[in-house]
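What follows is one structure encoded as structure tokens, with my remarks underneath.
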Amino acid sequence: MKLYFDLDDTLYDRVQPFAKAIKQEFPQLLVHPVQEVYDTFQHFSESVFDKMQEGVISLQDLHIYRATHMAAHYGIEIDINKALAFQQAYQCNQTKIELSDQMKDLLDSLVENHIEIGIITNGDAKHQRMKIQQLDLLKWFDNTRIFISGEVGIMKPHAKIFELAGSGPTYVYVGDSYPNDVVGSKQVDWTCIWLKKKDVEQTPIQADYLVYDEQQMCMKIKELFQIK
């Protein structure tokens with residue numbers, strides 16, 4: 001069996017650097033749950049992500065759009081400069097992201113047991129590579145098994161990005177996004193572990209395993225791969 005991970009919100013918690021940026025640039029939003037604000041931010045980001053990938057808008061345009069619309073959602077009007085200041089704060093805090101000790105232990109165990117592991121992630125190539133470097137993921141992952149949509153020109157949930165790694169139930173994928181990770185991986189008959197962080201119904205395609213936090217995810221992976 002082979003194991004592939006999503007990157008953002010699976011290998012590490014993307015909310016932490018976001019929360020720090022909110023505290024710096026939009027402290028008035030702290031009256032709302034950070035996860036709620038982050039989900040709003042991600043909604044606007046994902047709504048124009050395809051246009052950015054297709055070259056219709058620039059990456060900076062996406063950054064401005066998601067910040068201004070997030071702020072507007074909470075009744076705050078901001079200009080381009082403020083949107084870019086927030087993006088700068090967010091990126092600065094992303095350079096300080098870390099894997100949890102629990103995740104490091106899992107990756108150590110997978111490597112020690114000679115299990116093939118990889119990453120399949122959507123995102124801008126330069127940005128995702130920065131996070132991979134900051135998290136020191138090449139310590140565990142072979143670069144030939146890291147597939148970034150911005151590098152390969154294919155986005156999840158398209159089946160072809162998963163097929164770059166392989167197909168069939170001996171491939172296991174773990175991710176947090178139902179439409180991208182569950183639907184995407186099941187198209188090529190992979191075994192799927194869904195790290196469910198949001199209240200999303202999984203119909204009609206079902207994940208093989210459902211976990212709700214990192215601890216459960218690590219336990220399920222160790223169980224499937226018979227790691228003690």
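Among the residues of the range 4-21, write down those that are of a type outside the set (Asp, Glu) and either in contact with a Cys (Cβ under 7 Å, 6 or more places away or on another chain) or touching a residue at least 24 places away in the same chain (Cβ under 8 Å) (or both).
So in the range 4-21, the residues of a type outside the set (Asp, Glu) come out as 4-5, 7, 10-12, 14-21.
Matches in the range 4-21: TYR4, PHE5, LEU7, THR10, LEU11, TYR12, ARG14, GLN16, PRO17, PHE18, LYS20, ALA21.
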### Task
Looking only at the range 200-211, decide whether some residue is under 17 Å from the mean Cα position of the chain (by Cα), over 19 Å from ARG145 (Cα atoms), hydroxyl-bearing (Ser, Thr, Tyr) and in the same structural domain as ASP105 (by TED's automatic domain parsing).
no
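In the range 13-40, what residues are of a type outside the set (D, E, K, R), under 12 Å from TYR90 (Cα atoms) and part of a helix (DSSP H, G or I)? Break it down into steps so the answer makes sense when it comes.
Step one: list which residues in the range 13-40 are of a type outside the set (D, E, K, R), which gives 15-19, 21-22, 24, 26-35, 37-38, 40.
Subset that is under 12 Å from TYR90 (Cα atoms): 15-19, 21-22, 24, 26, 38.
Residues satisfying the conditions are VAL15, GLN16, PRO17, PHE18, ALA19, ALA21, ILE22, GLN24, TYR38.
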### Query
Condition test on ILE132, is it among the hydrophobic types (A, V, I, L, M, F, W, C), part of a helix (DSSP H, G or I), closer than 18 Å to SER149 by Cβ and assigned by TED's automatic domain parsing to the domain that holds GLY150?
yes
### Task
For the range 140-149, enumerate the residues that are of a type outside the set (Asp, Glu) and in contact (Cβ under 8 Å) with a residue 24 or more places away in the chain.
TRP140, PHE141, ARG145, ILE146, PHE147, ILE148, SER149
### Residue within the range 1-11 that is over 19 Å from MET130 (Cβ atoms) and either loosely packed, with under 14 Cβ neighbours inside 10 Å or more than 22 Å from the chain's Cα centre (by Cα) (or both) present
yes
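Report yes if some residue within the range 112-122 is among the polar types (S, T, N, Q), surrounded by 16 or more Cβ atoms within 10 Å (Cβ to Cβ), touching a residue at least 60 places away in the same chain (Cβ under 8 Å) and closer than 22 Å to ASP181 by Cβ; otherwise report no. Quick ask: steps written out before the conclusion?
Within the range 112-122, the first condition is being among the polar types (S, T, N, Q), and the residues that meet it are 113, 121-122.
Restricting the remaining residues to those that are surrounded by 16 or more Cβ atoms within 10 Å (Cβ to Cβ) gives 121-122.
Filter once more, keeping what is touching a residue at least 60 places away in the same chain (Cβ under 8 Å): 121-122.
From the residues that got through so far, the ones that are closer than 22 Å to ASP181 by Cβ too are 121-122.
Yes, the conditions are met somewhere in the range 112-122.
Please determine whether any residue of the range 210-218 is closer than 23 Å to GLN53 by Cα, not in a helix (DSSP H, G or I) and not polar (S, T, N, Q). Give the derivation first.
Taking the range 210-218 as the starting set, the residues that turn out to be closer than 23 Å to GLN53 by Cα are none.
No; the residues of the range 210-218 include none that is closer than 23 Å to GLN53 by Cα, not in a helix (DSSP H, G or I) and not polar (S, T, N, Q).
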#### Entry: the range 187-208, residues that are more than 21 Å from ILE161 (Cβ to Cβ) and buried (at least 16 other Cβ atoms within 10 Å of the Cβ)
LYS196, LYS197
### Message
Restricting to the range 46-69, and then to whatever is within 24 Å of TYR178 (Cα to Cα) and among the charged types (D, E, K, R), can you tell me which residue is surrounded by the most Cβ atoms within 10 Å (Cβ to Cβ)?
### Response
ARG66
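Pick out the one residue from PRO169, PRO179 that is surrounded by fewer than 14 Cβ atoms within 10 Å (Cβ to Cβ), without any contact (Cβ under 8 Å) to a residue 60 or more places away in the chain and part of a helix (DSSP H, G or I). Show your work before the answer.
Numbers: PRO169 fails: part of a helix (DSSP H, G or I).
Result of the check over PRO169, PRO179: PRO179.
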### Message
Condition first: in contact with a strand residue (DSSP E or B) (Cβ under 6 Å, 6 or more places away or on another chain) and either under 21 Å from LEU59 (Cα atoms) or assigned by TED's automatic domain parsing to the domain that holds ASP61 (or both). Now tell me which residues in the range 100-122 satisfy that.
### Response
ILE120, THR121
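The values are calculated or read from the model by the stated rules, or taken from the named source; none is laboratory data. Keep in mind that what you see is a predicted model, and the values were worked out from it rather than measured. Glycine gets a Cβ as well: all are built from the backbone with ideal geometry, and neighbour counts include every protein chain shown.
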